[in-house]
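One structure is given below, encoded as structure tokens.
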Amino acid sequence: MSKETNRLSLGALPRSDAVKLTVTLSTELKAQLDTYAEVHGRVHQVPVDVVALIPHMLAAFIARDRGFKTLRKKSAGQHKSQAVAGAIFSSLDSNSPSGKTS
């Protein structure tokens, strides 16, 4: 086997806490996931169930999504700006004699 055929995008699975989420998949996608799980098990020499793979596949997808990272940073920046503005106005309120700003 070549080096390329011995690698998958998804590495060995770590253990983690979980939250249950129910999704509906097409039969074609379910078949692909079953095949991926079988190949993953052979590559890593540990049998794995599709249900265990899906959260890690989604996490890997999100981690590699550059558009999501960019938009998340912009959104976080907006939230920070709003928090700073709120803190400034709160500070102004507490510094005014009546506790109110005009």
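A short reminder: the numbers here are calculations on the coordinates, not readings from a lab. Remember, it's a predicted structure, so these values are computed and weren't measured experimentally. Virtual Cβ from ideal backbone geometry, glycine too; neighbours counted across all protein chains shown.
The residues 56, 44, when put in order of fewest to most other Cβ atoms within 10 Å, stand as 44, 56. Packing order of peptides 29-39, 65-75, highest average first: 29-39, 65-75 (average count of other Cβ atoms within 10 Å over each peptide's residues).
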